[in-house]
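Scroll down for the structure; my scribbles are underneath it.
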Amino acid sequence: MTNKIFPIAAVEAKHRKGLLGTHFDCFVDWMQRHGYSHHSMRFNIQCVTHFGKYLEQRGICSIRQLEGASGKELLATYRDHLKSHEHWRRDAGLKLYIQALEEAGMIASSSSRDLSLFHETQQYITFLKNQKGLHERTIQYHLYWVEKFLCFIGYQEGTSSLPTFGIADIDRFIEQGAFRFKRTTQQHLTGVLRSFLRFLYQSGRVSNDLAPLIISPRRYRFDTLPRVLDWEEVQKILNSVDRSTASGRQHYAILILLTTYGLRAGEVANLKLEDIDWRKETICIASRKTGRDLWLPLIPQVGQAILDYLKHGRPGSKDRHIFLLTRAPWTPLNRHNVAYVADRHIELSGLDLPRRGPHLLRHSFATHLIRKGVPLKQIGDMLGHRDPDSTHIYTQTAIEQLREVALDVPGR
């Protein structure tokens, strides 16, 4: 070991003991390669040691029990244990520890296993990919509800056949899960169930086609409108950023992209260095939802914000993604990180809003363009909409323009 994590040998020896301590050097080497500070490394090791003692108390003696569904259940139980003892952050290093062991081949990689928990859904994944041509993210949404339904009807992993179920079981599942959601989500849920049940019938796994019996809740066009902000409120959000820090420069660049182009959170997270052509002053947006690339002019304000972050905020890394975590291991941001940035600065701006998130800025951007008289087709192209109705809804949020075309009431 070139770097001592614990200055006292006896303290370090304590962390080398036990089931998880036998992989002490492997974990330390992994953290060093990923650029963690000594302070973070000590804290992560202490988390692992605490978890190791928890395992020993329960008679768990094999590292293999951290794999698969049983490992996830074990970690969930441990987190509940921590909450009951108010040790909220003690699980912080466990995910890193498991990742290190997976990369070293000491336990099976979760990414190498099928994403599905159940045998019945493996063929369904192939069906959605090959027959339906759905995007990976949409497939994951289907699997989320399908696996919940299979658990609900008592299907066990490894069994060879589905338990008997009928429309009454489906109704109970929908009633149990849908009452908390808006009608839009309820429609999505019932649509997923119809698709899965139709697949089961067509593939011969069930004898009756129950799909036609599932009725979606009625939803009227434009019954709900997206919430939008005035452009002065958007400016308040941008002004809430402290651009003197590395994280502030990153946050400002993210918010500029969200408010200037109306991008989705995932589109911002997936931006790479080669997506910006500085000479031609263009930026390429790869939409995961439509699967098409969109080239847009690089607005000077956007280019300057990104350049400021690249020069004075982005950590050194060979990764080609523009936005990286501001601390080790400096991996690319995901859409949840981008959503956090939007939520954080909406809060810092002092705006009291019932709902936040990047899509609030996207809706506000589209409405702002309509108020400026930009044609709907052009707005739809910028937002990456395939369906014109997706853009048309913003005409309902531009209230000032609706007032301008309102007709006078005769006799008044």
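Values quoted throughout were computed directly from the atomic coordinates according to the rules given, and no laboratory measurement underlies them. Please read all numbers here as calculations on a predicted model, not as lab measurements. Every residue, glycine as well, gets a Cβ built from its backbone with ideal geometry; the counts of neighbours run over all protein chains shown.
For each of R33, R79, count neighbouring Cβ atoms within 10 Å of the residue's Cβ, then give the residues from fewest to most. Mind dumping the intermediate values first?
Working: R33 12, R79 15.
Lowest count first: R33, R79.
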Expressed in whole Å with the largest first, what are the equivalent ellipsoid semi-axes of the stretch 9-112 derived from the C-alpha gyration tensor as the square root of 5 times each eigenvalue?
19, 17, 14
Charges only on Cβ, +1 for Lys and Arg, -1 for Asp and Glu: so what's the dipole of the stretch 9-112 about the Cα centre, in debye to the nearest 20?
260
Using θ = phi - 60° and the Karplus curve 6.51 cos²θ - 1.76 cosθ + 1.60, what whole-Hz ³J(HN,Hα) does each residue of the stretch 31-45 get, with Gly and Pro shown as x?
5, 5, 5, 9, x, 6, 6, 4, 4, 5, 5, 4, 5, 5, 5
Summed side-chain charge close to I256 - residues other than I256 whose Cβ falls under 12 Å, Lys, Arg +1, Asp, Glu -1
+1
Net charge near L19: determine it from the other residues with C-beta under 10 Å of the C-beta of L19, scoring Lys and Arg +1 and Asp and Glu -1.
+1
Taking H as built 1.01 Å from N, whose amide H comes closer than 5 Å to the amide H of L324, not counting residues under 5 places away?
L333
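Treat the count of other C-beta atoms within 10 Å as a stand-in for reagent exposure and order V11, V228, V268, V302 from fewest to most. Before the final figure, lay out the partial values.
Numbers: V11 11, V228 23, V268 26, V302 19.
By the 10 Å Cβ count, ascending, the order reads V11, V302, V228, V268.
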